[in-house]
1. For the condition over 25 Å from Val166 (Cβ atoms) and either more than 15 Å from the chain's Cα centre (by Cα) or of a type in the set (S, T, N, Q) (or both), what is the one hit in Ala91, Ala46, Ala96?
2. Collect the residues in region 76-114 that are under 25 Å from Lys139 (Cβ atoms), hydrophobic (A, V, I, L, M, F, W, C), out of contact with any helix residue (DSSP H, G or I) (no Cβ under 8 Å at 6 or more places or on another chain) and open to solvent by 20 Å² or more (accessible area, probe 1.4 Å), keeping them in residue-number order.
3. Which ones in region 57-70 are in a helix (DSSP H, G or I) and either open to solvent by less than 40 Å² (accessible area, probe 1.4 Å) or farther than 15 Å from Lys134 by Cα (or both)?
4. Filter region 172-193 for residues that are within 11 Å of the chain's Cα centre (by Cα) and of a type in the set (A, V, I, L, M); which is surrounded by the most Cβ atoms within 10 Å (Cβ to Cβ)?
5. Looking at region 25-36, is at least one residue under 16 Å from Cys186 (Cα atoms), open to solvent by 10 Å² or more (accessible area, probe 1.4 Å) and either of a type in the set (Asp, Glu) or in contact (Cβ under 8 Å) with a residue 40 or more places away in the chain (or both)?
6. Which members of region 119-133 meet the condition of being closer than 17 Å to Ile171 by Cβ and either loosely packed, with under 14 Cβ neighbours inside 10 Å or in contact with a helix residue (DSSP H, G or I) (Cβ under 9 Å, 6 or more places away or on another chain) (or both)?
7. Which of the residues belonging to region 92-136 are assigned to a loop (DSSP other than H, G, I, E, B), closer than 23 Å to Glu149 by Cβ and small (Gly, Ala, Ser)?
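The values are calculated or read from the model by the stated rules, or taken from the named source; none is laboratory data. Since the structure is predicted, the reported quantities are computational estimates derived from the model, not experimental observations. Neighbour counts run over all protein chains shown; Cβ positions are idealised from the backbone, glycine included. Heads up: the accessible areas ignore ligands, DNA and RNA and are worked out on the full protein's heavy atoms, side chains in. Shrake-Rupley method; radii C 1.70, N 1.55, O 1.52, S 1.80 Å.
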Amino acid sequence: MKSEQVNSQINHGFSNRLLHGDCIEVLSRMASNRVDFVLTDPPYLAHYSSRDGRSVPNDNNCDWVKPAFEEIYRVLRWNHFCVSFYGWHKADKFLAAWREVGFRVIGHLTFIKRYASTERFLRYQHENAYLLAKGNPQKPVHTIPDVLEWKYTGNNLHPTQKPVCVLTPLIESFSNPGDVVLDPFCGSGSTLVAAQQQQRRFVGIELSKRYYDLAEQRLRQCRPVQAASGC
C-alpha cells in the first residue's frame, strides 16, 4: 500500500482499518492517544518456521521491539491496557523494552494447550502474554482468570494463528463497545475479527502482503452478527 493511501486511511479516522506496512512507520504517522486497547501477537524472536515452510516476518531479530512498542505506547490512551504475547525464551528482551518505553507490567496470562507445540527438554503446552498498563487504568468490570484454556486453530491461515475465542475475553475485559482496538502485528486478523464481533472498532497493521490479504478476506466474511460462528 502506498504511503499516501496509508496516510489517508489513518487521517480519515478509526472506522475499522486494516493497513499494510511496517507498524513502526505506520504508527509514527498516527496521532498520540488515539486507541483504547492494544492486543497483539508480535514475532517471538524464535526464527520460527512451520512444518510447511511458512515463517513470520522479523522473527529473526530484536531490533524492532523497542521502537515498535514506543509507538504503541504513544498511540495508546492514558490509563488504558495493552496485552502482548511474547516468546518465553526472550522474555528479558520484551520486558526491558516495555519498561523502557513506559509500560507498567501489571499481570501475566497463561493459556493452556491440550497438545504440545513442540518438544525438547519439555513438552511445550502453553502460550503466555503480559498485561501492560499505560498510567493507572481502572479495574475491569468483569475480571478474567490469568489461566485460560487454548483452542487449536489448525494454523491454516498463519503459522502462529491465535484462536478468536481466546482473544475474545481479553477484548471484553479490557475494552468497551465502540472502543478502538489496535493490533500492529495482526497476521491473519484474529484480533480484528474478535474486535469486530464484540462491536469494537479496530486498527490492524501487517507487514506481510500474504497475511494482509488473508486478513482482508477474512474480515470481509465476518460480521458482528456472526459472533457465534467461530470466524
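1. Just a single option satisfies the conditions, and that option is Ala96.
2. Trp78, Leu95, Ile106, Ile112
3. Going through region 57-70, the residues in a helix (DSSP H, G or I) turn out to be 65-70.
Within region 57-70, Val65, Lys66, Pro67, Ala68, Phe69 qualify.
4. Among those that are within 11 Å of the chain's Cα centre (by Cα) and of a type in the set (A, V, I, L, M), it is Leu192.
5. First, pick out the residues of region 25-36 that are under 16 Å from Cys186 (Cα atoms): 25-27, 35.
Adding the requirement that they be open to solvent by 10 Å² or more (accessible area, probe 1.4 Å) leaves 25.
Of the ones still in play, those that are also either of a type in the set (Asp, Glu) or in contact (Cβ under 8 Å) with a residue 40 or more places away in the chain (or both) are 25.
Yes, region 25-36 contains a residue that is under 16 Å from Cys186 (Cα atoms), open to solvent by 10 Å² or more (accessible area, probe 1.4 Å) and either of a type in the set (Asp, Glu) or in contact (Cβ under 8 Å) with a residue 40 or more places away in the chain (or both).
6. Applying the first criterion (closer than 17 Å to Ile171 by Cβ) to region 119-133 yields 127, 129-133.
Hits for region 119-133 are Glu127, Ala129, Tyr130, Leu131, Leu132.
7. Kept after step one, since they are assigned to a loop (DSSP other than H, G, I, E, B), are these residues of region 92-136: 102-103, 113-117, 120-122, 125, 135-136.
Remaining after also requiring closer than 23 Å to Glu149 by Cβ: 113-117, 122, 125.
Once the filter is applied, which keeps residues that are assigned to a loop (DSSP other than H, G, I, E, B), closer than 23 Å to Glu149 by Cβ and small (Gly, Ala, Ser), region 92-136 yields Ala116, Ser117.
Let's see how each residue does on (1) of a type in the set (Phe, Trp, Tyr); (2) at pLDDT below 95:
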site: Gly87; (1), (2): no, yes
site: Val101; (1), (2): no, no
site: His108; (1), (2): no, no
site: Tyr115; (1), (2): yes, yes
site: Arg120; (1), (2): no, yes
site: Leu132; (1), (2): no, no
